[in-house]
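The values are calculated or read from the model by the stated rules, or taken from the named source; none is laboratory data. Please read these numbers as outputs of a predicted model, since none were measured by experiment. Every residue, glycine as well, gets a Cβ built from its backbone with ideal geometry; the counts of neighbours run over all protein chains shown. Accessible surface areas use protein heavy atoms only, side chains included; no ligands, DNA or RNA. Shrake-Rupley method; radii C 1.70, N 1.55, O 1.52, S 1.80 Å.
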Amino acid sequence: MNNGSSKAPSAMTQAEIKLCSLLLQEHFGEIVEKIGVHLIRTGSQPLRVIAHDTKASLDQVKKALCVLIHHNLVIYHVHKRGVVEYEAQCSRVLRMLRYPRYIYTTKTLYGDTGELIVEELLLNGKMTMSAVVKKVADRLTETMEDGKTMDYAEVSNAFVRLADTHFVQRCPLVPDTDSSDPGPPPPAPNLVINEKDMYLVPKLSLIGKGKRRRSSDEDAAGEPKAKKPRCTDNEEPTPDDGIYWQVNLDRFHQHFRDQAIVSAVANRMDQTSSEIVRTMLRMSEITTPSGAPFTQPLSSNEIFRSLPVGYNISKQVLDQYLTLLADDPLEFIGKAGDSGGGMYVINLHKALASLSTATLESVIQERFGSRCARIFRLVLQKKHLEQKQVEDFAMIPAKEAKDMLYKMLSENFISLQEIPKTPDHAPSRTFYLYTVNVLSAARMLLHRCYKSIANLIERRQFETKENKRLLEKSQRVEAIMASMQATGAEEVQLQEIEEMITAPERQQLETLKRNVNKLDASEIQVDETIFLLESYIESTMKRQ
């Protein structure tokens, strides 16, 4: 969840390094992966040391670092001796797992136009607003019927909405230096951004429509060349030249957290309760920082006024719901005072802790069965229990309870605390208490999730590699079909081309597609667990 400082290399587990390596290779290729993983393993290093250690040429290292810095995966800082050192942002590399989720979320909130804006920014790292608008308008025009085009103004409006709700933000810039300053330039520019300007959209009058690629153009590589003269004619890029934008991942994470809290309340109580909580979270979006343990206090009157239009519940019913939510043992909602009809806050830290605990419980239930889950809940609730107490409270025979406790102990879901009565720690004079350290159990599960995702990616790569020739053949056939349809070929000719792929090959392609879809869906599901655990761990660390 953290976009800021990266972890120290010592804190990186092998599973995380392996996952970072797979993600970098998949998105940027071997050279960038080699440089990125080297920095993740070693911490911050200067350019020449990186080149020497990785045995790559200086030119290759420079290009790889440019890519990594452009995508916010590496930061640089000037050492006190004037040497520029580069440092990998491991947590930011792992965020690449979540790209499909960011894009899908934008689609549900802002439609196809918003989806493509976020997709372009994630693919390119940083872009100017005018470049994004033109690219997205062209892409949308491609998918429209003949004769229809996408207006730049429409895409521009979607971009403004994303900036207003903080889903996209400006990148830090090189400050304007005084040209009369005679001193030598610094070894690396110091990028700055004014808080007030982070979501300020430049005034652009983008006039025009999306353009289709000509069918005579052999490939997309020629397209930017054709675009450049047009830009100089309109002199369009000048107003926002140098003002780059990026996706604000923290804002997406805040949205995911809020969605998780709302659905947890809906499952525990009912739809009206979840709608009240959703309204409170929406009201707190701008006033509450993303890492805060509580939202700002909100009065019952404010909440009533902010409920969605058409949500017909009286003020009296709202107050009853708020009292119910505040009295709930999960303590998602807390009462903070009596003014304004009652002041209420959402305890974000408690909510994340409850969601993480529920995740741990469901994992235990899946792996060891419902009786183990019962023991886990019991130990969690009572804080410390001896083995005999566990047997009695859980009403499970001694032998079974002992087996289950040792199973969970060996897997690090629960821990054993020794309290000696005498200084010699003699076993006969020592209390052995079972307890649950939710933080360390969450860390252990998070580590396993990283391992699982790495395995899923490797399996997907293996599946596609095994069927590489068949996939290439299928793509060639599709390309021939598309070009023949464009030139108005007859149905018989198209059928002949289609028959180039035999029935068994078609079956094989279907199986591959099904397997890859399953693996992709599993990746997204595991990442949802990763998100909850990371959010809880980060929230807990901030409180300590």
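Brief remarks follow.
- Taken over the range 238-275, the criterion of being touching a Pro at 6+ places or on another chain (Cβ under 8 Å) and in contact (Cβ under 8 Å) with a residue 40 or more places away in the chain is satisfied by Pro239, Asp240, Ile243.
Yes/no per residue for (1) buried (at least 18 other Cβ atoms within 10 Å of the Cβ); (2) in contact (Cβ under 8 Å) with a residue 12 or more places away in the chain; (3) under 26 Å from Leu446 (Cβ atoms); (4) of a type in the set (D, E, K, R):
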| site | (1), (2), (3), (4) |
| --- | --- |
| Gln25 | yes, no, yes, no |
| Ile40 | yes, yes, yes, no |
| Gly43 | no, yes, yes, no |
| Leu47 | no, yes, no, no |
| Ile50 | yes, yes, no, no |
| Leu65 | yes, yes, no, no |
| Leu68 | yes, yes, yes, no |
| His77 | no, yes, no, no |
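- A Cβ distance below 7 Å, combined with a sequence gap of six or more or placement on separate chains, defines the contacts here; from the range 108-133, residues that are in contact (Cβ under 8 Å) with a residue 60 or more places away in the chain and polar (S, T, N, Q) reach residues that are open to solvent by 40 Å² or more (accessible area, probe 1.4 Å) and not in a loop (DSSP other than H, G, I, E, B) in the pairs Thr128/Tyr244.
- Flag for Glu361 being assigned to a helix (DSSP H, G or I) and acidic (Asp, Glu): yes
- In the range 262-305, the residues that are within 17 Å of Glu538 (Cα to Cα) and in contact with a Leu (Cβ under 7 Å, 6 or more places away or on another chain): Ala292, Pro293, Phe294, Thr295
- Of the residues making up the range 337-345, not a single one is within 23 Å of Leu445 (Cβ to Cβ) and surrounded by fewer than 19 Cβ atoms within 10 Å (Cβ to Cβ).
- Residues located in the range 138-161, provided they are under 26 Å from Phe28 (Cα atoms) and of a type in the set (Gly, Ala, Ser): none
- Restricting Leu360, Leu325 to those that are modelled with pLDDT of 85 or more and of a type outside the set (Gly, Ala, Ser) reduces the list to Leu360.
- Scanning the range 481-525 for residues that are surrounded by 10 or more Cβ atoms within 10 Å (Cβ to Cβ), aliphatic (A, V, I, L, M) and over 19 Å from Lys468 (Cβ atoms) turns up Met481, Ala482, Met484, Ala489, Leu494, Ile497, Ala521, Ile524.
- Checking each residue in the range 402-450 for being modelled with pLDDT of 80 or more, among the aromatic types (Phe, Trp, Tyr) and open to solvent by 20 Å² or more (accessible area, probe 1.4 Å) picks out only Tyr406.
- One residue stands out in the range 526-536 among those that are of a type in the set (Val, Ile, Thr) and open to solvent by 20 Å² or more (accessible area, probe 1.4 Å): the one that is farthest from Ala441 (Cα to Cα), namely Val526.
To keep it simple, each residue is scored yes or no on (1) farther than 23 Å from Ile17 by Cβ; (2) touching a His at 6+ places or on another chain (Cβ under 6 Å); (3) touching a residue at least 24 places away in the same chain (Cβ under 8 Å).
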residue	(1), (2), (3)
Leu445	no, no, yes
Cys449	no, no, yes
Ala454	no, no, yes
Glu458	no, no, yes
Thr464	yes, no, yes
Leu470	yes, no, yes
Gln475	yes, no, no
Met481	yes, no, no
Met484	yes, no, no
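- Options Asp319, Asp270, Asp258; residue that is open to solvent by less than 30 Å² (accessible area, probe 1.4 Å) and out of contact with any His (no Cβ under 9 Å at 6 or more places or on another chain): Asp258
- Taking the criterion of being buried (at least 18 other Cβ atoms within 10 Å of the Cβ) and more than 12 Å from the chain's Cα centre (by Cα), the residues of the range 98-119 that qualify are Thr106, Tyr110, Thr113, Gly114, Glu115, Leu116, Ile117, Val118, Glu119.
Residue-wise test of (1) within 23 Å of Ser362 (Cα to Cα); (2) in contact with a helix residue (DSSP H, G or I) (Cβ under 8 Å, 6 or more places away or on another chain); (3) not β-branched (Val, Ile, Thr).
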site: Phe431; (1), (2), (3): no, no, yes
site: Tyr450; (1), (2), (3): yes, yes, yes
site: Lys513; (1), (2), (3): no, no, yes
site: Ala521; (1), (2), (3): yes, no, yes
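- Residue within the range 357-366 that is within 23 Å of Leu446 (Cα to Cα), open to solvent by less than 70 Å² (accessible area, probe 1.4 Å) and in contact with a Cys (Cβ under 8 Å, 6 or more places away or on another chain) present: yes
- If you go through the range 145-167 and keep only what is open to solvent by 10 Å² or more (accessible area, probe 1.4 Å) and touching a residue at least 40 places away in the same chain (Cβ under 8 Å), you end up with Thr149, Met150, Asp151, Tyr152, Ala153, Glu154, Ser156, Val160, Arg161, Thr165, His166.
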